[in-house]
Structure formats: structure tokens, C-alpha cells
1. Answer with yes or no whether His319 is assigned by TED's automatic domain parsing to the domain that holds Pro209, under 22 Å from the mean Cα position of the chain (by Cα) and on the phi > 0 side of the Ramachandran plot.
2. Which pairs have Cβ atoms under 7 Å, sit 6 or more apart or on different chains, and link a residue in the stretch 36-47 that is without any contact (Cβ under 8 Å) to a residue 40 or more places away in the chain to one that is surrounded by fewer than 16 Cβ atoms within 10 Å (Cβ to Cβ)?
3. Return the residues of the stretch 69-92 that are buried (at least 16 other Cβ atoms within 10 Å of the Cβ), in contact with a strand residue (DSSP E or B) (Cβ under 6 Å, 6 or more places away or on another chain), closer than 24 Å to Leu167 by Cα and in contact (Cβ under 8 Å) with a residue 40 or more places away in the chain; say none if nothing qualifies.
4. Please return the ranges of strands (runs of 3 or more DSSP E) entirely within the stretch 85-197 where 3 or more residues are more than 27 Å from Glu295 (Cβ to Cβ).
5. Does the stretch 208-231 hold any residues that are within 21 Å of Gly324 (Cα to Cα) and assigned to a loop (DSSP other than H, G, I, E, B), and which are they?
Amino acid sequence: MNYHAYELAHALLSPWRLGVEAVRAGLDHPLNPLAATPAARSLSAACQVFEKVTRRYGKPQFNIKESRSDGTVVPIVSEEILSKPFCSLRRFRRESAGRNGGGAPQVLIVAPMSGHYATLVRGTIAELCGTFDVTVTDWSDARDVPLIAGDFNLDDFAATVIEALRLIGPKTHVIAVSQSSVPALAVAAYMARLEDVCAPASLTLLGGPIDTRINPTAVNRLVENRSLTWFEAHVISSVPPPHTGAFRPVYPGFMQLTGFMTMDLDRHVSAHAGLFNDLMRGDAGQVRQHRDFYEDYLAVMDLTAAFFLDTVRHVFQEHALPNGTYCVNGSPIDPGLIRKMPLMTVEAGRDVVCGPGQTHAAQVLCRNLSDTLRVKLDVPEAGHFGLFTGSQWRSVVAPLVRDFIQKAERGEAVSSDQVASNVVKLPSARP
């Protein structure tokens, strides 16, 4: 019923949106003599805010055409190297490097499957693909996958990461973002046990819920205090026709987005109030910054019910990885089997999704790593999304991640405990 109510709400809003767009077009028309008046500008700005808040956002494009390497602009080309019903692998490489990457280190970015498209890590890719040959897991919207393709659960997520590593080949460095940190660490331990030549050459975890018992957030407490039966009854819906994945049970993306928005509602309200003021002033730069962030943030995808419920159970309720009960291909996972893989964990001081210590817990689980293979980074002024996109990522996190991977590629010691000092402080009303 949730899904049908959501679709009905959008249908009912459509005439209003058309009317508001017609009003704005008239107000902004160059032949309108009142267009420059404060009243017209105010009404036009209100129309634009209404349009952005009520729009149904589709999957954004990666649209990465260039990157930078040592201060030089580098043309980038992208190509799909694997296509499966629930995931495609998309590679971003320097145009001059050719299909073999030109000898650049290989990096696999495991995007989170948590309600947003993989384009949410566009900034992560853009900052690294000038130096590395970058591949990203581009997860599919479950709403668009027909029932005949079967189901997809947390085990399938891990299997996809393993397949990606074996396809890309040995000496691939892995960056796992947010939710993907748990299965990525599990895959690294599983492949270490097998002594697989395609095991990750290094692993970077950006804001991942490795052990949510540590400093639990409001999200963690909410999930722990509800049974799986409650989640099945209250948040799982079937995709309605005429979508390709009609009748597939899913956790709808709009419900995840509602949860994200309510966690930091004041900030989002302030951001849209700021958008109104920026439109009134004609501040194109700030309007573009708002648009770029929210076009990714408000574009959401559905998750299969099986994957969502598996994640709730194993990651947030049973804490399977730190408790030693997490399995990959039926085999219990022990991160203590990781002995040679450099590990970097990164946490944000203002993270409302992953509490302090939850990501660094991976350092404790990988108990047999030498100190020369460990890096811990804390970014006090960053929020959860700032760890992999935006100015905090570009100015603080990315240079250190890049240095970590390059040292790991050369086989050098990477040991470091750092608290970011060159922090860019953003206005509180901005994403």
C-alpha cells in the first residue's frame, strides 16, 4: 500500500506542477515588464523551490569527462565492462591510457546499496580516475529488474564484489563506501582464506557500519528495537505495474530517503530556504551547488526485500561480522585471516549514520595486520556524505586515500593515525 500511495501522490501533484511551471515561465519571460520586480522574483523563486521539492528524480548520469593528475586536466572515458540484472561494472580510465589502463593502479569502488544510485559516488570517482584506473559497482534499481531475473540478497552482493575483483584482476585496490564496507571487509577475509590472487591489494573503508554496537546512532537504535517481522509488515512493498519489476517485493527508495531526510531535517529545510534566497539574489554558483547535491541526494532506488532484510538482520541486529557469524558462500568469516592487505578506515566527526568507532572497529577485527599496514583517519568537520563527495572529500580525504593506495601499490609502509587539520568548514545551511 505504501508504494501505491506514493504513486498516487505523484499523480495528484502532476497538475499542480504543470500549473506552477506555467506560472514561472510567465514570470521569467524576457518580455514580461514585471520580471525584475521583487514580487515577481520572489514568486518565481518559490515556484522553483516547489518544483525541486516535488520532482521525481530519475537516475543521474555519471557524466565524468575529465579529471586532474598533478595539476593537469586529463580526459576520461567510461565503458561498461560487465552487465548483470542487478549490477553493472563501469570503468573510468584516462583516454590516453587505452583499454589496458596504461599500467595505472586498478581501483574498485564498491558503491553502497542503501537507497541511492552509484552516481552518489561520482565525486569519489572523478577525484581518483586521473591517477587510477577506476571501476565502480553500478547497482540497478530493483523496480526495473523483472521477477524472472530472480532475487538478490546480501550473499549476492558479496558474490558480485568477488566476481568484479576476479574480472579486473590481481592487485586491485578496493574502496568501500558506507554500507558496502561490511560485505567488502567480509570478501577481503574470505579471499584471504582462499589465498586468492585477486584478493584486494588494499582496502579503504569510508564511514562503514562495521560494528554498530559502538556509539550507536538513532538509526542503529531504531533498527535494533524493531523485529524483522515489523520491517516486513511496515516497510516492504510490492512494485506496482507498469514498472518492469512489477510485483517484486522491495524496500522502496522513497522510504529510505524519508529516513535520511528526517535524521537531519533542520539542515535540509535550511538548505531549501537558502536556495530561495540564492534564487532571489541571482547567485548562480550557490544555486548550482544546491542543484548538484540534491539531484543526487533525492534520486533514490528500490532495494530488494531480501537484501534489505538481510542487511538489517546481519549488520544491525545480529552484528554478524564482529561476532564471527557472518558467512560468505556458506563459510564463516574471520577478518583475522587478513595478514598482508593494507587497511585504511575513515570516520567523520559529524556522521549521523555511523557513530564514532564503528568503522575503525575493522582495525580491531583485522587483529593480525602489522602496524605498518594500518591507517586511521578522522575528519572532525565532515558529515557522512562528506567522506566521499564534496569539498571535504576533495580537499581532505581524497589526497590521503590517493597517497595510501600509491604506497600500498609500491609495497611501502602506510602506518598512520591522523586527525584531519586542513578542514574546509561549510556553511551550516549548505549540503
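1. Details: assigned by TED's automatic domain parsing to the domain that holds Pro209: yes; under 22 Å from the mean Cα position of the chain (by Cα): yes; on the phi > 0 side of the Ramachandran plot: yes.
When the stated conditions are applied, His319 passes them.
2. Close Cβ pairs (under 7 Å, with a partner that is surrounded by fewer than 16 Cβ atoms within 10 Å (Cβ to Cβ)) amount to Ala40/Leu34; Cys47/Val23.
3. Ile76, Leu82, Cys87, Ser88, Leu89, Arg90, Arg91, Phe92
4. Working: elements: 87-94, 106-110, 133-139, 172-177.
Ranges flagged: 172-177.
5. Listed by number, the residues that qualify are Gly208, Pro209, Ile210, Asp211, Thr212, Arg213, Ile214, Asn215, Pro216.
Residue-wise test of (1) assigned by TED's automatic domain parsing to the domain that holds Gln406; (2) crowded, with 18+ Cβ neighbours inside 10 Å; (3) of a type outside the set (Phe, Trp, Tyr); (4) out of contact with any helix residue (DSSP H, G or I) (no Cβ under 7 Å at 6 or more places or on another chain).
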{"residue": "Ala158", "(1), (2), (3), (4)": "yes, yes, yes, no"}
{"residue": "Val182", "(1), (2), (3), (4)": "yes, yes, yes, no"}
{"residue": "Ala192", "(1), (2), (3), (4)": "yes, yes, yes, no"}
{"residue": "Gly207", "(1), (2), (3), (4)": "yes, yes, yes, no"}
{"residue": "Thr229", "(1), (2), (3), (4)": "no, no, yes, yes"}
{"residue": "Val235", "(1), (2), (3), (4)": "no, yes, yes, no"}
{"residue": "Pro240", "(1), (2), (3), (4)": "no, no, yes, no"}
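The values are calculated or read from the model by the stated rules, or taken from the named source; none is laboratory data. Because the structure is a prediction, the values reported are computed rather than measured. Neighbour counts run over all protein chains shown; Cβ positions are idealised from the backbone, glycine included.
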